[in-house]
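All remarks here apply to the structure that follows.
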Amino acid sequence: MEDWIVSSLTLASKRKARREAGEYIQRLRESHRPRISQRELAEKLGYPFYTLISQVEAGLRSVPRNRMSDWAAALGVDAHEFEKNLLRPEVLH
């Protein structure tokens, strides 16, 4: 297989994995009791705007690796499980 085909397949699989990770985060946020908005999650994490949350949930960005435990705590989930779900090789940039 030509290199550009492999690269495009790899890129497509990374995009798919980021989308799936974003959907996972959105499900966690929406199932949180009480339910929290993207804006509230951003505030809990110390971000001035909710756009990063929106971009992560849409699969356009990844959760910063050095903030994963903060995200897990803000979403009320076990940090190890959260990281395990997000640190699959195809999710990373």
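The values are calculated or read from the model by the stated rules, or taken from the named source; none is laboratory data. Computed from a prediction, not measured in an experiment: that's the story for all the values here. No Cβ is skipped: glycine too gets one built from the backbone with ideal geometry, and neighbour counts run over all protein chains shown. Surface accessibility is based on the protein's heavy atoms, side chains included, excluding ligands, DNA and RNA. Shrake-Rupley method; radii C 1.70, N 1.55, O 1.52, S 1.80 Å.
Within the set of pairs 6+ apart or on separate chains, which have a first residue in the range 30-45 that is open to solvent by less than 30 Å² (accessible area, probe 1.4 Å), a second that is part of a loop (DSSP other than H, G, I, E, B), and C-beta atoms under 7 Å apart?
That search, which allows pairs on different chains as well, returns 42/49; 42/50.
Just checking, how many residues over the range 62-78 are without any contact (Cβ under 8 Å) to a residue 24 or more places away in the chain and not in a helix (DSSP H, G or I)?
2
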